[in-house]
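This report concerns only the one structure given below.
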């Protein structure tokens with residue numbers, strides 16, 4: 001993706017994403033390359049280190065949610081299940 005595409009996807013302005021990408025590049029989580037069809041345009045690619053970082057972040061978040069869910073009652077869990085089903089139906093209708 002280009003920096004502009006990422007900015008649009010994330011709902012931020014290009015200068016904000018440019019700063020964020022510079023930090024990610026310094027940490028070797030992304031790398032910049034050129035587009036095969038237009039060498040003037042840069043594309044952003046995630047590095048193996050970046051993929052590992054994303055997986056680790058997801059693992060931490062999933063563990064956090066799992067611990068929180070353990071604190072809920074059976075009724076609360078059932079209410080969440082019903083809500084997810086309803087939200088899924090709405091999402092399917094919106095497409």
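The values are calculated or read from the model by the stated rules, or taken from the named source; none is laboratory data. Keep in mind that this is a model prediction, so the values were computed, not measured. So basically every Cβ, Gly included, is an ideal-geometry build from the backbone, and we count neighbours across all protein chains shown.
Observations on the model:
- A count restricted to the stretch 66-80 and to residues that are assigned to a helix (DSSP H, G or I) and either assigned by TED's automatic domain parsing to the domain that holds residue 4 or exposed (fewer than 10 other Cβ atoms within 10 Å of the Cβ) (or both) stands at 5.
- Qualifying residues in the stretch 19-29 (those that are in contact with a strand residue (DSSP E or B) (Cβ under 8 Å, 6 or more places away or on another chain) and closer than 13 Å to residue 3 by Cβ) - the one surrounded by the most Cβ atoms within 10 Å (Cβ to Cβ): 21
- Some residue of the stretch 30-44 being surrounded by 12 or more Cβ atoms within 10 Å (Cβ to Cβ) and assigned to a helix (DSSP H, G or I): no
- Among residues of the stretch 2-29, those that are more than 24 Å from residue 56 (Cβ to Cβ) and not in a helix (DSSP H, G or I), counted: 3
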